[in-house]
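Notes follow the structure.
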Amino acid sequence: MLRYVGERLLQAMIAIFGVLTIVFIVMHLSGDPTLLLVPQGASAEMIADLRRELGFDRPLWVQYVGYLNDLIHLDFGESVVQRVPAIDIVASRLPYTIQLAAGALTVAIGVGIPAGILMATRRGGWLDRVLTAVVVTGQSVPTFLSAILLIFVFAVTLGWLPASGIGGLSNLVMPSIALGALSMSTFARMTRISVADELSKDYVRAARARGLPMPKIIVRHVLRNASIPVISIAALEIGNLLAGAVIIETVFAWPGIGQLAIQSIQARDFLIVQVIVLLISFVYVITAVLADFIYAIVDPRIRLAR
Amino acid sequence: MHEPIRPLLDVSDLTVDIDGARVVDGVSFTVAPGEVMALVGESGCGKSLTAFAMLGLLPSVARRTEGRILLGDRDLATFSERQLRKARGKDISIIFQEPSASLDPLASVGSQIADAYRIHTGASRADAFEKARQMLVDVGIPDPDRRLDQFPFELSGGMCQRIMIAIALICGPRVLVADEPTTALDVTIQAQILDLMKKLVADHGTSIVLITHDMGVVADIADHVAVMYAGRIAEIAPVQDLFDHPAHPYTALLLASVPRLDVAPKADLATIEGSVPTPQEFGPGCHFASRCPLVTDKCRVEQPPLFAQGYGHRSACWHIDRIAEITGMLP
């Protein structure tokens, strides 16, 4: 078990190093970032000064080592626009995105997993067909469209919910649904497949043969076995939700890191973009490691393997 | 002469359809207390479906359309799912071909055995685990305390089958249905499991309905044997009688195709030409007609009933008088 944990952590560290390197390469792929920052008509001298100030005149590998060194010391640089540490700006926006992601995840898991279970246990029935239609819809309608439709129906026409911005819980409802819809469909589909697969296994028949009632078999045995692939999906979906927040936050004027990313790209504030990209990448890596740990808790074959 | 023992299990006219095809067709047999009845046949002959139908565990595509399944004086065929659930594991139990797959891989062995006891007795967790421990001793598993905490993947196939037997017997059912219990196991383990089953019959008087395709297993453990072919019983007899005087061409050919250690091999083993017809190919007559060396026109159009051949020996063949011809045809 200890070795399993150690291996996962080592893998995660390698993945994080890979992420850092890729982000560095992508940032420098487009050439000298200085040109993006200077106003139009700036003199060659101004450009050279700024380049020196930002360190872009050094050889690429020196910049790379400096970049890694800064990151190891948790120095993420300053916003070139606002002249305050980039990490502080991102941190001030992060709680809103966490709220939104939590809301969306609640929708995705809270609706998706029960729907998947119902679909699997009532396969071929009317409930399965109705839910399949809902899932396919959630999967095929683009996020920006469903967001606008939600605003049109529930804010503009019915006036039940605020159209945009932050505030109470009611502000969170529509962005959460819009952001969570795609994930919800993914959870529902995966859960359905996984539960249906487990239901066809020999141990279910054997459990029936010893007189266990079906609901008990599902709760005690089937769901636990079926959870393993669903955990993998959950880990991926948390990262996907953060990435999807970019569109949703823009549509709903939600002041999270998604909106910040768009604003920073428009303002060419690349160090903030860099922090956001790193953050989302880390979330992917960390949730993957967490998923590995949860597997070990659920599955004795992993926990007890030597 | 003493009275024949009243059967504990009396299955009659059991019929199972899948998509309109009759895959089990009027199967009848009885099992006395403490007796081992073997249902023998090739894959797909309906023997496992017969077993599943008895416990109401048929897959959803299959439907039991007729038949009585008298266990004592209660007819399981009339039971609701709820009544069946209460009978399963308590009055009649079943073990399967793949013991390792029959256990939940994520739950401890002890919890799975104890669950089977608690569901029928309402015993406390502690009592159920104590009972589970005793059962492990009964089925010959050493170091039961350690085994209770282990998971199926830590145990061998033979060990898992012992666990399945412990689960099946923990509530003391009168009938144990064993569906190919040794097929997935190594030969040496097979013998151990069969010995264990013999011991259980002797100790507890549990009746066993043994589903197998292995004539060696039949010879080793069964008291009576029913040979099934394409959904029907071809011949049913006390085991020694069947081996000594097979009264159906299929049985005779089947026995001739079994390699024997006690007889020097004269030549090649016998084979049965052709293959088992699918339910769609079943004709109105004897299902074995397409492969039978004794076949006549009557066999193809008229289904033979089970004719009495002696005490407890019946066979479904129009030409039992010509059965000796089979032996002449053998290599």
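Identify all residues within the stretch B:95-120 that are touching a residue at least 40 places away in the same chain (Cβ under 8 Å), assigned to a helix (DSSP H, G or I), open to solvent by 10 Å² or more (accessible area, probe 1.4 Å) and more than 7 Å from chain A (Cβ to nearest Cβ); write none if there are none.
B:Tyr117 - this is the single residue of the stretch B:95-120 that is touching a residue at least 40 places away in the same chain (Cβ under 8 Å), assigned to a helix (DSSP H, G or I), open to solvent by 10 Å² or more (accessible area, probe 1.4 Å) and more than 7 Å from chain A (Cβ to nearest Cβ).
Kindly establish whether B:His313 is closer than 17 Å to B:Asp25 by Cα, buried (at least 17 other Cβ atoms within 10 Å of the Cβ), touching a strand residue (DSSP E or B) at 6+ places or on another chain (Cβ under 7 Å) and at pLDDT 90 or above.
Against the criterion (closer than 17 Å to B:Asp25 by Cα, buried (at least 17 other Cβ atoms within 10 Å of the Cβ), touching a strand residue (DSSP E or B) at 6+ places or on another chain (Cβ under 7 Å) and at pLDDT 90 or above), B:His313 does not qualify.
Would you check if there is a residue in the stretch B:175-193 being assigned to a helix (DSSP H, G or I) and crowded, with 18+ Cβ neighbours inside 10 Å? Outline the logic, then answer.
Here is the first cut: in the stretch B:175-193, the residues assigned to a helix (DSSP H, G or I) are B:187-193.
The next check asks that each one be crowded, with 18+ Cβ neighbours inside 10 Å; those that pass are B:190, B:193.
So far as the stretch B:175-193 goes, yes, one or more of its residues are assigned to a helix (DSSP H, G or I) and crowded, with 18+ Cβ neighbours inside 10 Å.
Look at the stretch B:121-151 and say how many of its residues are outside any loop (DSSP other than H, G, I, E, B) and of a type in the set (Val, Ile, Thr).
Residues of the stretch B:121-151 outside any loop (DSSP other than H, G, I, E, B): B:121, B:125-138, B:144-148.
Within this subset, residues satisfying the condition of being of a type in the set (Val, Ile, Thr) are B:121, B:137.
Residues in the stretch B:121-151 being outside any loop (DSSP other than H, G, I, E, B) and of a type in the set (Val, Ile, Thr): 2 in total.
Hand me the list of helices (runs of 4 or more DSSP H) wholly inside the stretch B:221-331 holding 1 or more residues that are under 26 Å from B:Lys198 (Cα atoms) and in contact (Cβ under 8 Å) with a residue 40 or more places away in the chain.
Working: elements: B:239-244, B:249-256, B:297-301, B:324-329.
Helices (runs of 4 or more DSSP H) meeting the threshold: B:239-244, B:249-256.
Would you be able to say whether some residue in the stretch A:133-140 is under 27 Å from A:Arg224 (Cβ atoms) and either among the aromatic types (Phe, Trp, Tyr) or open to solvent by less than 60 Å² (accessible area, probe 1.4 Å) (or both)?
yes
Just name the residue that is nearest to the chain's Cα centre (by Cα) out of those in the stretch B:121-138 that are open to solvent by 10 Å² or more (accessible area, probe 1.4 Å) and within 13 Å of another protein chain (Cβ to nearest Cβ).
The selected residue is B:Met135.
Of the residues that make up the stretch A:182-192, is at least one basic (Lys, Arg), within 14 Å of another protein chain (Cβ to nearest Cβ) and surrounded by 22 or more Cβ atoms within 10 Å (Cβ to Cβ)?
Within the stretch A:182-192, none of the residues are basic (Lys, Arg), within 14 Å of another protein chain (Cβ to nearest Cβ) and surrounded by 22 or more Cβ atoms within 10 Å (Cβ to Cβ).
Taking the stretch B:231-252 on its own, how many of its residues are open to solvent by 20 Å² or more (accessible area, probe 1.4 Å) and among the aromatic types (Phe, Trp, Tyr)?
So the answer is 1.
When you scan the stretch B:54-70, do you find a residue that is crowded, with 20+ Cβ neighbours inside 10 Å and under 12 Å from the mean Cα position of the chain (by Cα), even just one?
Looking for residues that are crowded, with 20+ Cβ neighbours inside 10 Å and under 12 Å from the mean Cα position of the chain (by Cα), one finds at least one in the stretch B:54-70, hence yes.
Has the stretch A:214-234 got at least one residue that is modelled with pLDDT under 90 and over 21 Å from the mean Cα position of the chain (by Cα)?
no
If you go through the stretch B:60-85 one residue at a time, how many are assigned to a strand (DSSP E or B) and on the phi < 0 side of the Ramachandran plot?
Adding up the residues that qualify gives 11.
I'd like the full set of residues that are out of contact with any strand residue (DSSP E or B) (no Cβ under 7 Å at 6 or more places or on another chain) and over 28 Å from A:Ala147 (Cβ atoms), limited to the stretch A:82-116.
Passing the criteria: A:Gln82, A:Arg83, A:Ile87, A:Asp88.
The values are calculated or read from the model by the stated rules, or taken from the named source; none is laboratory data. These figures come from a predicted structure and were not determined experimentally. Neighbour counts run over all protein chains shown; Cβ positions are idealised from the backbone, glycine included. Quick note on the areas: whole protein, heavy atoms, side chains included, nothing else; ligands and nucleic acids left out. Shrake-Rupley method; radii C 1.70, N 1.55, O 1.52, S 1.80 Å.
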